Structures are given as C-alpha cells and as structure tokens.
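The values are calculated or read from the model by the stated rules, or taken from the named source; none is laboratory data. Since the structure is predicted, the reported quantities are computational estimates derived from the model, not experimental observations. Ideal geometry is used to build each Cβ from the backbone, glycine not excepted, and the neighbour counts take in all protein chains shown. The accessibility values were calculated without ligands, DNA or RNA, using every heavy atom of the protein model including side chains. Shrake-Rupley method; radii C 1.70, N 1.55, O 1.52, S 1.80 Å.
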Amino acid sequence: MSGNYEARLAELGVTLPAAPAPAANYVPYVVSGDLVFVSGQISMENGTFIIGKLGADMEVEAGAAAARSCAIGLLAQVKAACGGDLDRLQRVVKLTGFVNSTPDFGDQPKVVNGASDFLVEALGEAGRHSRSAVSAASLPFGVAVEIEGIFEIR
C-alpha cells in the first residue's frame, strides 16, 4: 500500500489530531534530507494522558492500546512535517518504544506491538519498521508509553 493513507485511517475510524506542541525546549520533529525524526509521543486519548505502570496497575492489552495512541501521535507529527500531506510518507524506518513498567515486567515488545501493528494496518508494507522496546522506571506525567520514530518521506 502506498499513498492515500488518510483514507485508510478513516476506514480504521482514526482521524489524526493536530500535531501536539512540545512540552519543553525541543522541537516536535526534525527533517533532515528525506528523513523525519519525530520526538517521543506520549500515550494520550482525547487530550487525556493514558497513565499506568505495566506489571503493576496496567495489563498488556491496555499498554498496547496506549502504544497505539503514540503511533497516532507520530503520524500526526509526520503529517505536519510533510506540510499536511501524509501521502509524502514513504515508510516507517524505526521506532523506539519506552514502556513505564516494573523491574520484573518483561513484555515490553507485546506492549509496543500496539504501535507496530497499527502502523502496518494503516500503512501496509510502508508501515513495517525496525524497532526497540525498552523498560522505563517512569515516564513524563506518569504515562504508560512513549514512542519516538524515524520516517522516510519524499
């Protein structure tokens, strides 16, 4: 699948929000050549933080849903980087997912699959990417997941 990503997102019932502004002294994305480096997007739904700690008060399925929300935020930033034309996206290159989890929790990959699965569902082959999924002792605002990404555009 290439192009017409907004139509595919609509089929999935997803409308990209406006790209969130940064919360501190950094930019939400940097375009370098044909790559877009998107700052970490935290788990949010309808403007509310999705908070929790995997292995304590949040189950894997809820964590995966939180990761999916991060992927939606990433695509919103890519759309902004592309001047509003998401169809300039060529492919997702790499994601790094941070999971707010207890020291003994080991299912970070299953949590970050929420983002990975969504990107492949929404973008087809262009959504396949390399990835890291790591534990974090805590994340900003107590959110469950934060994901940053590298994307290729044209």
Pseudo-spin-label distance Ala137 to Val120, built 7 Å along Cα→Cβ, given in nm, is 3.4 nm
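Given Cα pairs under 8 Å that are at least 6 residues apart, what percent is the relative contact order of the chain?
Working: 329 pairs, mean separation 55.0, N = 154.
For the chain, the relative contact order is 36 percent.
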Round to the nearest 0.05 the FRET efficiency obtained for Asn46 and Asn4 when R0 = 25 Å and r is the Cβ-Cβ distance.
-> 0.45
What full-extension length gain, to one decimal in nm, is calculated for Arg154 and Leu12 as 0.36 nm per residue of separation minus the Cα-Cα distance?
-> 48.7 nm
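Determine the share of the range 110-154's accessible area contributed by carbon and sulfur atoms, expressed in whole percent, with a 1.4 angstrom probe. Walk me through the numbers before you get to the answer.
On the way: 910 of 1870 Å².
That share works out to 49 percent.
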Go through the range 5-99 and name the GluC sites (Glu not before Pro) that are in a DSSP coil and have 16 or fewer other Cβ atoms within 10 Å of their Cβ.
-> Glu59
Just by accessible area at a 1.4 angstrom probe, what is the order of Ser132, Ser101 from largest to smallest?
-> Ser132, Ser101
Which percent of the accessible area of the range 1-61 is formed by carbon and sulfur heavy atoms (probe 1.4 angstrom)?
-> 53 percent
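Can you work out D for the range 10-76 in µm² s⁻¹ from Stokes-Einstein, where Rh is the Kirkwood radius over C-alpha pairs, the temperature is 4 °C and the viscosity is 1.567 mPa s? Write down the numbers at each step before the final one.
Values: Rh = 13.4 Å.
The calculation lands on 97 µm²/s.
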Among the aspartates and glutamates, which fall within straight-line cross-link reach of Lys79, defined as a Cα-Cα distance under 13 Å, with same-chain neighbours fewer than 8 residues apart omitted?
-> Glu6, Asp87, Glu152
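So in the chain, what percent of DSSP beta bridges are antiparallel if you round to the nearest 5?
Details: 22 of 31 bridges.
Taking every DSSP beta bridge with both residues in the chain, the antiparallel ones total about 70 percent.
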Residues of the range 33-154: accessible area per residue at 1.4 Å, in Å²?
-> 43 Å²
Among Ala126, Ala67, Ala115, the residue with the largest mean-square fluctuation in a Gaussian network model of the chain built from Cα contacts under 10 Å is Ala126
